[in-house]
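A quick write-up on the structure given underneath.
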Amino acid sequence: MKKPSWIRKNWLLVAGVTFIGVHLGTYFIQRVAKESVRSQMSRLEAKKPSSSSCYGPSGRLKQLHNGLGGCVCTTSQSSALLRNLSVTHPVLKVLMSSVQNHVSCFSDCGLFTAILCCNLIENIQRLGLTPMTAIQLNKYLLSLCTSYLKSEACSCRIPVDFRSTHTFLGLVHSILTSKPACMLSRKEIDHIGALILKAFLLTIPESAERMVLGTSIIVPLKGQGVTDSTVLPGLLLEASEVQLRRLLPTHKPSALRVALFCTSLSGDFSNAGEGTVVVHYKVSLENAVLEQLLNLGRQLVADHIDLVLCQKVIHPSLKQFFSEHHIIAIDRVGVTLMEPLSKVTGATPIGSLDPIVSTAYGSVKDVCSARFGSKQFFHLLPNEGTVCSLLLCSRSDTAWEELKLTCQTALHALQLTVKEPWVLLGGGCMETHLAAYIRHKVRDEAEAIVRDEGCAQAELHIAAEAFCTALESVASSLEHDGGEILIDMKYGHFWSCQPDSTSVSNWPDTLSRCGCGLYNSQEELSWSVLRSTYHPFVPQTSLPQAAVGLARNLTVDCFPAKLSGLQVAVETANLILDLSYVIEDKN
């Protein structure tokens, strides 16, 4: 009979040792994972200065490049910063992904979102609030903010008056002045601001039946002064002087019929797809393809087409055929311009060499030449299009790239403002006013909040302090020169004074206007240092009637972008606070 093994005889001991080993292993894994999360949090806090130091009109620029060479990016905009930064830490990836998603939808307030998220996480960790309680109360405080900002009682929200352009110009000027890398003077800001507003107005359709905004195409013209920039209705297509002389010999009195091709007319088979091509004996493949192209050309002539636009390349023989029949042929327009060309001409992009139905054609009012600086352009004038060209000039590549991003942000902000016709007071005033409002609400309604949320009153006050301090830290990030940051005890607005003006008695004479520019220091106000502890007060919630008329001279923010940034920042902070373990595969 076979003797039983030692493991079978001592199975209870083996099971006990295994049980202890598994639990010890799990404990050490959890401890390492928690330490990993803590280290990620510390890295998150270390990244905060790189975003806060870029914030606002006096923000410092960042120069980004990698150790392997390549282009150097000088910017203070979140879209460019995040696009050129490479991070490997999971927590940072969560933050960057959230901010990038926000910027892709709203184009603005990316730095606000990142700074608020980092400050909120740092404050909660510093004050020692448990993550579950912090997340629950953050959600409540966020709902309190959004409800107030959307209410009629909100005094940091200005309605847009569509009878004038003051609010729109104020929003555009605020965006332009917040991007120091554009290196614009006051005169240049006024000029570019007027052009952006004009470009936006040209994209609004005249018919009110269906409100679909058009497109503004930014055309580069580097080496010229910013004040040489201009806006034109229709589209500009860059061309050589030889092309213009050859293709534009005469002008037609009536509208020009247009055919728009998104396929290649070069005769190659690069886009033929999979399958078998059958070529008969003694038949030249090149001649057969060319004959098909010429047949297409004959149909276009029969259909009285005046202008052929092609995304890719047109065969030289087909170009010659078009020239003989007085058809203007422009190729290599690129995929970026296909949608604007379709809007300008009303044509449907043609994707094959098959016979064309007449409904695919479009028309333009005229095609003429235009010269700006050293560049020549085909200028397509639409019949009733909602597409325009913003010819953007700058003397340096860095400033032009930053100005292009800024103009795109401003145009997008105007589109969002048409959908939600409000703007928020900027310059840090919205953040400080909102913090004062939350402190007041939490103090006055503490018992009801504690009862509804099921938390202790001390936890509520800690969470509210962390939330309000995070909002005030965003406003504090606007000061980069060591000046004192104040809040007035009447409106709860943000004020900044020079570093050497520390005496309280000198503040009324030293201060000029609040951050948004709505109030001045001669209104018998009292102030408190923002970073100090001040007694909660009721911020005045009635907005002056003159605020709408003064909107052009105020610093304002895009309402949908700022509201979304607030929500994304708090929700991302909650997500990061809820992380318990980070498990990475190093293989």
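At a glance:
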read-out: Criterion (more than 20 Å from residue 129 (Cα to Cα), touching a His at 6+ places or on another chain (Cβ under 8 Å) and either part of a helix (DSSP H, G or I) or in contact (Cβ under 8 Å) with a residue 12 or more places away in the chain (or both)) met by exactly one of 534, 491; value: 491
read-out: For residue 142: the one exception among (1) closer than 27 Å to residue 400 by Cα; (2) open to solvent by less than 70 Å² (accessible area, probe 1.4 Å); (3) aliphatic (A, V, I, L, M); value: (1)
read-out: Verdict on residue 133 being open to solvent by less than 40 Å² (accessible area, probe 1.4 Å), hydroxyl-bearing (Ser, Thr, Tyr) and farther than 26 Å from residue 427 by Cα; value: yes
read-out: Single condition residue 411 does not satisfy, out of (1) within 19 Å of residue 151 (Cβ to Cβ); (2) open to solvent by less than 50 Å² (accessible area, probe 1.4 Å); (3) within 32 Å of the chain's Cα centre (by Cα); value: (1)
read-out: Of all residues making up region 145-167, the number that are of a type in the set (Ser, Thr, Tyr) and open to solvent by 50 Å² or more (accessible area, probe 1.4 Å); value: 2
read-out: Conditions (1) over 30 Å from residue 470 (Cβ atoms); (2) surrounded by fewer than 21 Cβ atoms within 10 Å (Cβ to Cβ); (3) out of contact with any strand residue (DSSP E or B) (no Cβ under 6 Å at 6 or more places or on another chain); number of the one not met by residue 419; value: (1)
read-out: Tally, over region 338-393, of residues that are within 22 Å of residue 404 (Cβ to Cβ), open to solvent by 40 Å² or more (accessible area, probe 1.4 Å) and not in a loop (DSSP other than H, G, I, E, B); value: 5
read-out: Every residue from region 312-334 that is outside any loop (DSSP other than H, G, I, E, B), without any contact (Cβ under 8 Å) to a residue 40 or more places away in the chain and under 22 Å from residue 236 (Cβ atoms); value: 319, 322
read-out: Filter result (assigned to a helix (DSSP H, G or I) and either open to solvent by 50 Å² or more (accessible area, probe 1.4 Å) or of a type in the set (Ser, Thr, Tyr) (or both)) within region 168-223; value: 174, 177, 186, 187, 190, 191, 194, 198, 201, 202
read-out: Answer from 548, 529, 582 - the residue that is on the phi < 0 side of the Ramachandran plot, modelled with pLDDT of 80 or more and open to solvent by 20 Å² or more (accessible area, probe 1.4 Å); value: 529
read-out: Pairs where the first residue, in region 87-114, is part of a helix (DSSP H, G or I) and the second is aromatic (Phe, Trp, Tyr), C-beta under 8 Å, 6+ apart; value: 111/55; 112/55
read-out: Residues being in a loop (DSSP other than H, G, I, E, B) and under 34 Å from the mean Cα position of the chain (by Cα) - total across region 451-462; value: 0
read-out: Residue in region 55-65 that is polar (S, T, N, Q) and at pLDDT 70 or above present; value: yes
read-out: Search result, residues across region 451-462 that are modelled with pLDDT of 90 or more and open to solvent by less than 50 Å² (accessible area, probe 1.4 Å); value: 460
read-out: Some residue of region 201-216 being under 30 Å from residue 570 (Cα atoms), in contact with a Phe, Trp or Tyr (Cβ under 9 Å, 6 or more places away or on another chain) and not hydroxyl-bearing (Ser, Thr, Tyr); value: no
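To keep it simple, each residue is scored yes or no on (1) over 34 Å from the mean Cα position of the chain (by Cα); (2) in a helix (DSSP H, G or I); (3) crowded, with 19+ Cβ neighbours inside 10 Å.
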| position | (1), (2), (3) |
| --- | --- |
| 449 | yes, yes, yes |
| 464 | no, yes, yes |
| 468 | no, yes, yes |
| 472 | no, yes, yes |
| 475 | no, yes, yes |
| 482 | no, no, no |
| 485 | no, no, yes |
| 495 | no, no, yes |
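The values are calculated or read from the model by the stated rules, or taken from the named source; none is laboratory data. A quick note: this is a predicted structure, and the numbers were derived from the prediction, not measured. So basically every Cβ, Gly included, is an ideal-geometry build from the backbone, and we count neighbours across all protein chains shown. Side chains included, ligands, DNA and RNA excluded: accessible areas come from the protein's heavy atoms. Shrake-Rupley method; radii C 1.70, N 1.55, O 1.52, S 1.80 Å.
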